[in-house]
Amino acid sequence: MKYQRILLKLSGEALMGEQQYGISGDRLKEYALDIKEVVEAGAQVGIVIGGGNIFRGVQGASQGMDRVQGDHMGMLATMINGLALQSALEEVGVYTRLQSAIKMDQIAEPFIRRRAVRHLEKGRVVIFGGGTGNPYFTTDTAATLRAVEIDADVILKGTRVDGIYTADPEKDSTATKFDTLSFDEVYKRGLNVMDLTAFTLSRENNLPIVVFDMNTRGNLAKVVKGENIGTLVEK
Ligand code: UDP
C-alpha cells in the first residue's frame, strides 16, 4: 500500500448521481463499498464531503442573500451529506465517526484533532463535516486543512474526470491528461486542481494531491495501492 493514511475529498455534486439535486442512494452505496475496500486493506481514512448538491453560499448570494448566511447553509449541507455517508458506511459494516466543525453535539462529535487521529488508529473512518466552520472557504480547503492536521500522506480528490488535463476534457477534445505534475507546474499553467486557498495550503505543507475518477468502482483501492490512476501532484 502506497498510502497509509488518506484524506478523501468527495464533492457534494458527485452524490447526486444521475439526479439534479440531493443524494443518490445508489451512488452512496457505491462509495461506501469502495471505502470499505480500502479500510479492510488497512488504510486509515478521513473524509471531507462537500455540499454543492444541496446548497452553496455563492448561490444564495446571487439571489440577494447575505453571503455569510448562505455559507452557513452550505456548511449545514455538508453535515446532511456527512450523516448520509455515515449511515451508508454503517450499513456495509464500516465503523465511523462524524465530527463537525460547527457545534451540534446531539448529531456529531465536535472536531477534535487528537480524537480524530485516535479514531483513525482504531480503524474507524472519520467524516469531517461542516467544512472549516468558517464562511468564505470551500470544502476543498477544509479537506486540505484536515489532511494537514491529521498528518495524512495524501489528499485524494475524487471527481468525475479521471485526472488533470491540459484543458477541460468535457469541452475540448484535444485535451490531454497529465500523469504527474509538480505544484509549480500547476500554478504556472493555471490548472484548476482545487481553489487557490486549498492549493496553496497543500503546496506550503508539501501534501501530495491525487485527482482521480471516483465514479469507477475499485479506483479508490487502486490509487491507495499506488497504481497509476488519475494525476498525482507533488513537489
Ligand atoms: N462552506 C463554507 N466554509 C467551508 C466549507 C464550505 O462556508 O469551510 C460552504 C460554502 O457556502 C460552500 C458550501 O459550504 O459553497 C458547500 O461546499 P462546497 O461548495 O465546497 O461543496 P462541493 O463543491 O464540494 O460540493
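Please treat every number below as a calculation from the coordinates, not as lab data. Quick caveat: nothing in here was measured; it's all calculated off a predicted structure. Neighbour counts are summed over all protein chains in view; Cβ atoms, including those assigned to glycine, are modelled from backbone coordinates with ideal geometry.
Assorted remarks:
- Single condition Phe137 does not satisfy, out of (1) closer than 22 Å to Gly17 by Cα; (2) touching an Asp or Glu at 6+ places or on another chain (Cβ under 9 Å): (1)
- Sole residue being among the acidic types (Asp, Glu), buried (at least 17 other Cβ atoms within 10 Å of the Cβ) and in a loop (DSSP other than H, G, I, E, B), chosen from Asp162, Asp168: Asp162
- All positions within the range 85-97 that are surrounded by fewer than 18 Cβ atoms within 10 Å (Cβ to Cβ), in contact (Cβ under 8 Å) with a residue 40 or more places away in the chain and part of a helix (DSSP H, G or I): Glu91
- Residue, nearest to the ligand (Cβ to nearest atom), within the range 129-159, restricted to residues that are assigned to a strand (DSSP E or B) and within 18 Å of Thr197 (Cα to Cα): Lys157
- Where Ala147 falls short, out of the listed (1) farther than 22 Å from Asp34 by Cα; (2) among the small types (Gly, Ala, Ser); (3) surrounded by 14 or more Cβ atoms within 10 Å (Cβ to Cβ): (1)
- Subset of the range 98-114 [in contact (Cβ under 8 Å) with a residue 12 or more places away in the chain, within 16 Å of the ligand (Cβ to nearest atom) and assigned to a loop (DSSP other than H, G, I, E, B)]: Ala101, Ile102, Met104, Ala108, Phe111
Conditions (1) near the ligand (Cβ under 7 Å from one of its atoms); (2) in contact with a helix residue (DSSP H, G or I) (Cβ under 7 Å, 6 or more places away or on another chain); (3) free of Cβ contacts under 8 Å to residues at least 60 places away in the same chain, marked per residue:
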{"residue": "Gly17", "(1), (2), (3)": "no, yes, yes"}
{"residue": "Ser24", "(1), (2), (3)": "no, yes, yes"}
{"residue": "Leu33", "(1), (2), (3)": "no, no, no"}
{"residue": "Ala41", "(1), (2), (3)": "no, yes, no"}
{"residue": "Gln63", "(1), (2), (3)": "no, no, yes"}
{"residue": "Val68", "(1), (2), (3)": "no, no, no"}
{"residue": "Ala77", "(1), (2), (3)": "yes, no, no"}
{"residue": "Ile80", "(1), (2), (3)": "no, no, yes"}
{"residue": "Leu83", "(1), (2), (3)": "no, no, yes"}
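- Residue check, Ile229 under 30 Å from Ile102 (Cα atoms), not in a helix (DSSP H, G or I) and not acidic (Asp, Glu): no
- Members of the range 116-139 found to be over 17 Å from His72 (Cα atoms) and exposed (fewer than 14 other Cβ atoms within 10 Å of the Cβ), listed by number: Arg118, Glu121, Lys122
- Residues considered: Val126, Val117. Of these, the only one that is among the hydrophobic types (A, V, I, L, M, F, W, C), in a strand (DSSP E or B) and more than 10 Å from the ligand (Cβ to nearest atom) is Val126.
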